[in-house]
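Enquirer: To start, I am sharing the structure in question, which I have written as structure tokens.
The values are calculated or read from the model by the stated rules, or taken from the named source; none is laboratory data. Computed from a predicted structure; not experimentally measured. Cβ atoms come from the backbone with ideal geometry, glycine included; neighbour counts cover every protein chain shown. Side chains are part of the model used for accessible areas, which takes the heavy atoms of the whole protein and leaves out ligands, DNA and RNA. Shrake-Rupley method; radii C 1.70, N 1.55, O 1.52, S 1.80 Å.
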Amino acid sequence: MSLGAHLLAAAVALFLAGSAHACLFARDTQPEYWFEWARALFSADVTGVEHDRQKSRDVIRVSVVETFKGPEGAYAALEIPNRMWASCRLERPEVGARVLVALNPNGDALLVPLTARYTDELRRHASLLKSEPAAPEKAPKSGARPSQ
């Protein structure tokens, strides 16, 4: 096997491992990990699903119901690679479905079905985060010089 074939095989293996990890995360994660991963986390109702076959993606339009983390919003349009549904064994949401939407700082989006029980878990975790006292800032000691 040539070096190029080895590199291609390694790249495919890394891609599949990353996809598998993302799928496990999307399906099986606990609320605290959603809060760590996402910069925006909210429940939403699906208002539209468009299939863009040329770009191999779906555009999922949602109306925000409840924001758990991040800025409040009214609606969003998410571009999801359509390979995610099959590779993660997730169903493409239909109009009217309630979903959990997570957006990370890199602009990646995850969208999974959301149950009432899991919504309650997310609310509990969000309230725990809000009730935690902020870490006090360390003030320099009197007479101490700021480090450079």
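Enquirer: How much net charge surrounds residue 41 when only the other residues with a Cβ under 15 Å from the Cβ of residue 41 are counted, with Lys and Arg +1 and Asp and Glu -1? Spell out each step's value before the answer.
Expert: Numbers: positive: 39, 69, 98, 123, 124, 130; negative: 32, 36, 66, 72, 108, 120, 121.
With Lys, Arg at +1 and Asp, Glu at -1, the net is -1.
Enquirer: Could you order 130, 55 so the one with the most accessible surface comes first? Probe is 1.4 Å.
Expert: Details: 130 165, 55 130 Å².
Descending order: 130, 55.
Enquirer: Which net charge results when you count Lys and Arg as +1 and Asp and Glu as -1 among the other residues whose beta-carbon is under 12 Å from that of residue 95? Working shown, then result.
Expert: Values: positive: 61, 92, 98; negative: 45, 50, 94.
Taking every other residue near residue 95 into account, the sum is 0.
Enquirer: Find out how many positive minus negative residues lie around residue 108, taking Lys and Arg as positive, Asp and Glu as negative, among other residues whose Cβ is under 11 Å from that of residue 108.
Expert: Values: positive: 39; negative: 79.
After counting each charged neighbour, the total is 0.
Enquirer: While we're looking at this one, here's another question. From the P(r) of segment 45-124, could you give the percentage of C-alpha pairs in the tail past 22 Å? Each step should come with its number before you reach the end.
Expert: Details: 688 of 3160 pairs.
Across segment 45-124, Cα pairs with separations above 22 Å total 22 percent.
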